[in-house]
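Engineer: First the structure, then my questions, so here it is.
The values are calculated or read from the model by the stated rules, or taken from the named source; none is laboratory data. Just so we're clear, the structure is a prediction, and the values are computed from it rather than from any experiment. Virtual Cβ from ideal backbone geometry, glycine too; neighbours counted across all protein chains shown.
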Amino acid sequence: MTDKRMVLTCQGTGCISGGAEQVYLKLKDEIETLGFNEHIHVKCTGCHGFCQQGPLVVVEPEGTFYTKVKPDDVAEIAMSLKPKGKPVDRLFYRDPATGRAIPNYYGISFYNRQERTILRNCGKIDPEDIHDYLSTGGYTAIRKILFEMSPEQVIAEVDSSGIRGLGGAGFPTGLKWGACRRALSEKKYVICNADEGDPGAFQDRSVMEGNPHSVIEGMICAGYAIGSKRGMIYVRAEYPLAVKRLKIAIEQAKKNGFLGRGILDSEFDFEIEIFQGAGAFVCGEETALIASIEGWRGMPRMKPPFPARSGLWGKPTLINNVKTYANIPLIIGNGAEWFASRGTEKSKGTAVFSLTGKVANCGLIEVPIGITLRKIIYDIGGGIPDGKTFKAVQTGGPSGGCLPESLLDMPVDFDSLALAGSIMGSGGMVVMDEDTCMVDVARYFLDFTRRESCGQCIPCRLGTRQMFEILDSITKGNGRPEDIHLLEELSEAIRFSSLCGLGKTAPNPVLTTLRYFRNEYEAHINEKRCPAGVCMIRKEGE
Amino acid sequence: MEERILRDILVHYRGNRGELVPILQEVQESLGYLPEKAMLDVAKFIGVSESHVYAVASFYAQFRLLPLGKKRVAVCRGTACHIRGAPQILSTVERTIGLKEGETSDDLEYTLETVACIGCCALAPCIRVNKDVSGEMTPEKAEELFPSAYRGVQDD
């Protein structure tokens, strides 16, 4: 590319909330005024991942890493960029344990313990400029599949990479593609599920904001592989910046001949449109998502027939998550073996997590599947702040579970998490410390699922409400000893008799907290006491 | 006025059922909410029953059937926000602007809502006012988001 120095300013939603837009504009202005613009390029990028320290500014090639940058700091940063200028050390990241200032991002354990592949270009390239994506090898997968591979070969490559979907079950992506390929129909659809409704997760948003072309390229590969001409990205309307950047990316891809009729002068046509989801957690379920696009209430239906056979408008439809598509260009470009070289025997590749809650370093991380929870929370996350002790980590959002300290050395993969009562899911990872009440957390999740239940299965609609009311009364000090058994019984019934994933997994937060933190329930019920001091229990006579 | 806006929106659509959600989104974007009359006209335009449009409009969290305040205050109740004190933030805001979750002030200045997740979890707890997100909230910072003149009192 150029040998210019680069000043990368993060323009993700997190940093923008801290004033990153003004920082970017002021930096550009200042560099121009100082006459540095021949040697220095000020670039807007997507999310760097370390949102907690934002707004972030990175100077490359040195890798100088500035945190919590305010517009008032800009002049000083600009001056530091003159020849022999000294970096602004007061803006360096400080290690939360030692207080030591670390000047470069590769010296920070939050970054250097990660393995960033899906996120490799997030925070490096300008998401609104296709040329930046092209300069990192973008869209070469399209050329490769169109001119060197048959659709069957593409599917075989995806299949042998071992990549799995991010729903509760971790369904193998290659099998899904194969089924869509075999379905006979003139019309087929490719849908990207970007309805990231899990509270506590934002990785899909960051990928779409930071590297939208990687998602588009993956969808084009999928269209070619299954024989579809139309793609659709179903993205939450709550993510306006992601919508905007996807729209720009689609326009630019069209102009450059990667979308539209006769892609790269081949016989293959493919178009992508955006559908903005109007806000319903249940629409993350694929048949509900389809119903929503078709103009119904987003309610799931019975499977089979699976969408691969009869999906949108009754046609074969492939639905994958944002990160699954973002991985495809890498699998095509580097080969299935490269992808499968990381991860565990049955769970390949990397996983992206939103690491949040009571942990020193919050942000977006990418790690090889199979890493332990301890490494994520302590090495990358920097442990629990304020001298508090770890209590639990919640993965998988409202469908997942809370795991205790005794499981910290468990590898993070699809099967181990399922065994422990949680799921991989979309990748929320919320750390909880001694000040978090586990009964309150269970109550919180059931409050969420009770609101989000679509209402068509009675056990889910009324059962989640019932469970919420029991949990609510326990947190208020009105719990009865038999409530624990009642919660277990209701959990079993809801799990067994719900149609879709929302209901089937809704009891998980309760079941895991009962399994690992039963003593907290008992303290609330028997001693009318909240060990974490969260619940307002009024003692008799007070 | 409303009818003209609606007409201008509908000319861009063909009247397929699959356009229902996008049309309702555009109507709400222009009018701020979904007036009953607009929903009736949309039903006619798409050729579905009025109850179908109401069923869809009432299903999704995005749609509002009543006028909204000029400033839409959304307190995030995502998981990360919850364990870092979102319930206290919500009660502070409720007290400060004198509204309960879901309510709009009589002078149409504020609407108070909660949202499932804004997606700024690393900066929890967060509040969004219209399109601006503020992170790492404390009850004190939350109070400062609102002019002291506005404590349930008219603000001009």
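Engineer: Which number in (1) under 25 Å from residue A:391 (Cα atoms); (2) touching a residue at least 60 places away in the same chain (Cβ under 8 Å); (3) crowded, with 19+ Cβ neighbours inside 10 Å marks the one condition that residue A:499 misses?
Structural biologist: All conditions pass for residue A:499, except number (1).
Engineer: Looking at (1) crowded, with 24+ Cβ neighbours inside 10 Å; (2) part of a helix (DSSP H, G or I), which is the one condition that is false for residue A:416?
Structural biologist: The one condition residue A:416 does not meet is (1).
Engineer: Still on this structure: Tell me which residues, restricted to region A:7-54, are at pLDDT 95 or above, out of contact with any strand residue (DSSP E or B) (no Cβ under 7 Å at 6 or more places or on another chain) and hydrophobic (A, V, I, L, M, F, W, C).
Structural biologist: A:25
Engineer: Looking only at residues that are among the charged types (D, E, K, R) and either out of contact with any strand residue (DSSP E or B) (no Cβ under 9 Å at 6 or more places or on another chain) or under 24 Å from residue A:437 (Cα atoms) (or both) in region B:102-121, which one is surrounded by the fewest Cβ atoms within 10 Å (Cβ to Cβ)?
Structural biologist: Once the filter is applied, the top-ranked residue is B:106.
Engineer: Now for a separate question. Within region A:508-530, which residues are surrounded by 18 or more Cβ atoms within 10 Å (Cβ to Cβ) and either part of a loop (DSSP other than H, G, I, E, B) or touching a Phe, Trp or Tyr at 6+ places or on another chain (Cβ under 6 Å) (or both)?
Structural biologist: The answer is A:509, A:517, A:530.
Engineer: Counting only residues that are among the polar types (S, T, N, Q) and at the interface with chain A (Cβ under 9 Å from one of its Cβ atoms), how many does region B:87-136 have?
Structural biologist: Selection size over region B:87-136: 1.
Engineer: From the list B:53, B:21, pick out the single residue that is without any contact (Cβ under 8 Å) to a residue 40 or more places away in the chain, touching a helix residue (DSSP H, G or I) at 6+ places or on another chain (Cβ under 6 Å), in a helix (DSSP H, G or I) and β-branched (Val, Ile, Thr).
Structural biologist: B:53
Engineer: Keeping to region A:278-291, report how many residues are within 7 Å of chain B (Cβ to nearest Cβ), more than 9 Å from residue B:59 (Cβ to Cβ) and crowded, with 24+ Cβ neighbours inside 10 Å.
Structural biologist: 1
Engineer: In addition: Could you say which residue among B:69, B:78, B:32 is away from chain A (no Cβ under 11 Å), surrounded by 18 or more Cβ atoms within 10 Å (Cβ to Cβ) and modelled with pLDDT under 95?
Structural biologist: Numbers: B:78 fails: away from chain A (no Cβ under 11 Å); B:32 fails: surrounded by 18 or more Cβ atoms within 10 Å (Cβ to Cβ).
After applying the criteria, what remains is B:69.
Engineer: Moving on to the next point. Return the residues of region A:230-262 that are in contact (Cβ under 8 Å) with a residue 40 or more places away in the chain, outside any helix (DSSP H, G or I) and either over 20 Å from residue A:289 (Cβ atoms) or of a type outside the set (D, E, K, R) (or both); say none if nothing qualifies.
Structural biologist: Once the filter is applied, which keeps residues that are in contact (Cβ under 8 Å) with a residue 40 or more places away in the chain, outside any helix (DSSP H, G or I) and either over 20 Å from residue A:289 (Cβ atoms) or of a type outside the set (D, E, K, R) (or both), region A:230-262 yields A:231, A:232, A:233, A:234, A:235, A:237, A:239, A:256, A:258, A:259.
Engineer: Regarding region A:373-384, can at least one residue be identified that is within 14 Å of chain B (Cβ to nearest Cβ), part of a helix (DSSP H, G or I) and over 22 Å from residue A:110 (Cα atoms)?
Structural biologist: Looking for residues that are within 14 Å of chain B (Cβ to nearest Cβ), part of a helix (DSSP H, G or I) and over 22 Å from residue A:110 (Cα atoms), one finds none in region A:373-384, hence no.
Engineer: Among the candidates A:217, A:157, A:186, which residue alone is in the same structural domain as residue A:278 (by TED's automatic domain parsing), more than 23 Å from the chain's Cα centre (by Cα), in a helix (DSSP H, G or I) and closer than 25 Å to residue A:268 by Cβ?
Structural biologist: One residue alone meets the criteria, A:157.
Engineer: Filter region A:74-86 for residues that are farther than 14 Å from residue A:40 by Cβ and in contact (Cβ under 8 Å) with a residue 24 or more places away in the chain and give the result.
Structural biologist: Within region A:74-86, just A:75 meets the criteria.
Engineer: May I pose another question? Which count do you get for residues in region A:137-154 that are surrounded by fewer than 17 Cβ atoms within 10 Å (Cβ to Cβ) and either outside the structural domain of residue A:262 (by TED's automatic domain parsing) or assigned to a loop (DSSP other than H, G, I, E, B) (or both)?
Structural biologist: 2
Engineer: I've got another one for you. Taking the criterion of being assigned to a helix (DSSP H, G or I), without any contact (Cβ under 8 Å) to a residue 12 or more places away in the chain and not assigned by TED's automatic domain parsing to the domain that holds residue A:163, would at least one residue in region A:422-442 satisfy it? Quick ask: steps written out before the conclusion?
Structural biologist: The initial filter retains those residues of region A:422-442 that are assigned to a helix (DSSP H, G or I), namely A:438-442.
Within this subset, residues satisfying the condition of being without any contact (Cβ under 8 Å) to a residue 12 or more places away in the chain are none.
The answer is no; no qualifying residue exists.
Engineer: A further question on this structure: Test of understanding: among A:470, A:458, which residue is away from every other protein chain (no Cβ under 14 Å), under 26 Å from residue A:280 (Cα atoms), more than 23 Å from the chain's Cα centre (by Cα) and surrounded by 19 or more Cβ atoms within 10 Å (Cβ to Cβ)?
Structural biologist: After ruling out the rest, the residue left standing is A:470.
Engineer: Additional query: Could you tell me whether any residue of region A:19-27 is under 26 Å from residue A:138 (Cα atoms), surrounded by 24 or more Cβ atoms within 10 Å (Cβ to Cβ) and not assigned by TED's automatic domain parsing to the domain that holds residue A:361?
Structural biologist: Within region A:19-27 (the criterion being under 26 Å from residue A:138 (Cα atoms), surrounded by 24 or more Cβ atoms within 10 Å (Cβ to Cβ) and not assigned by TED's automatic domain parsing to the domain that holds residue A:361), the answer is yes, since at least one residue qualifies.
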